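Undergrad: One structure, as structure tokens, below. Some questions next.
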Amino acid sequence: MPFRDVIGHERPKMILRAATEHDRVAHAYLFHGEERIGKRLVAIAFAQALSCESPSRSEPDACGTCRACRQVKSRAYPDFFVIEPDREQAPSTRSGQANPQIKIEQVRELEDQIVYRPLVGPRKICLIDEADRMTPAAANALLKTLEEPPGHSLFLLVTSRPFALPATIRSRCHSIQFVTPPRRQVEAALTARRGLSAPDARLLTLLTDARIGEAMETDLEAIRTAHNEFGALTSPAFLRSPAEVLTAAEILHKSDRAAEALNWIARWSRDLLLVKVGADVEHLLNPERLSELREAASRIEVDGVLDLLDELERIERAGTRNINLQLALETVLLRLRDVLAGQSPVQVPAPK
């Protein structure tokens, strides 16, 4: 995909185009920003622009259709290498979650290839995706190459956690920060490329916080179902019955959906706060419940909602540790009931 087809990221594209046009391409770049917002896509577009057999005459960009562009996209180009975490043999964390890593063997294999001159294009280009997942040994091996890189080499490191990389590696890369594309651009892209209606494109954009990579792949029907299902958890009729609250929390926990429910509750609580302070309706994830949100907002105290959102954020941060999600969900729902009733929620000890 050429630069011109990448949604957003105008500043990074301008920097890379200028470097290409004036032949001032650095030997290593660090693309960093939130997950799934297009960093990897820009890296591939950059590799295409540098390898293209029929580059654009109007601006530094790839044609997107020549053999080199197609091969870079499919990873078949002989001078383009991709390193990413090994997910098949990923070790597990204490919580049982997989922890994919980039191993030293992968870096050494790259080193064996990168020393030789390019076979086809002007450079040998290596894309290291999720570079922060390199093991210490792999990072040290890469550092040696970055300290004395072959003149024909280019390294593109992509990460959403730049400070998880050693400072020595960061210092040897030209750093480019990426931010989420403007919401309107993401909505337009979803409408054009996925054929979504304006309301559906808006829903996905808000739900993914304009992370376009995630928005492009999210299952819309599954989102609609979850939107309706978890929306019921915040209705006053449901919250009035402690027995229903406790039963729902138990069922969701047993089906491994408690964390998902907490996320939806957080988004609805944010909507409630936005309505309370008079924010633009365009920012609401639940505009179809505007009348209900306005009625609830007339009774609540801002501090109560802020405290609830703080609790939800604390639970999310603790998600990688051994936390009792059923108790957490019960606590949040009961506190939400108090907030909607205009009461000061009782401070409950953090769920263990």
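The values are calculated or read from the model by the stated rules, or taken from the named source; none is laboratory data. Note that the structure is predicted; figures quoted are calculated from it, not measured. All Cβ positions, even for glycine, are placed from backbone atoms using ideal geometry, and neighbour counts span all protein chains on display.
Undergrad: If I filter the stretch 80-91 for residues that are farther than 30 Å from Ala318 by Cβ, surrounded by fewer than 22 Cβ atoms within 10 Å (Cβ to Cβ) and assigned by TED's automatic domain parsing to the domain that holds Leu157, do I get at least one hit?
TA: yes
Undergrad: Here's something else I'd like to know. Find the residue count for the stretch 145-166, including only residues that are free of Cβ contacts under 8 Å to residues at least 24 places away in the same chain and either within 25 Å of Glu34 (Cα to Cα) or touching an Asp or Glu at 6+ places or on another chain (Cβ under 8 Å) (or both).
TA: Selection size over the stretch 145-166: 1.
Undergrad: With (1) exposed (fewer than 15 other Cβ atoms within 10 Å of the Cβ); (2) free of Cβ contacts under 8 Å to residues at least 60 places away in the same chain as the list, and Ala226 as the residue in question, which single condition is left unmet?
TA: Unmet for Ala226, out of (1) exposed (fewer than 15 other Cβ atoms within 10 Å of the Cβ); (2) free of Cβ contacts under 8 Å to residues at least 60 places away in the same chain: (1).
Undergrad: Kindly indicate whether any position in the stretch 188-196 is surrounded by 15 or more Cβ atoms within 10 Å (Cβ to Cβ), in contact with an Asp or Glu (Cβ under 6 Å, 6 or more places away or on another chain) and of a type outside the set (Lys, Arg).
TA: no
Undergrad: Also: Select, from Leu306, Leu334, the only residue that is crowded, with 16+ Cβ neighbours inside 10 Å and either at pLDDT 90 or above or assigned to a helix (DSSP H, G or I) (or both). Before you say what the answer is, go through the steps one by one.
TA: On the way: Leu306 fails: crowded, with 16+ Cβ neighbours inside 10 Å.
After applying the criteria, what remains is Leu334.
Undergrad: Of these, Ala248, Ala261, which one is within 28 Å of Leu327 (Cβ to Cβ), under 20 Å from the mean Cα position of the chain (by Cα) and not assigned by TED's automatic domain parsing to the domain that holds Ala47?
TA: Ala261
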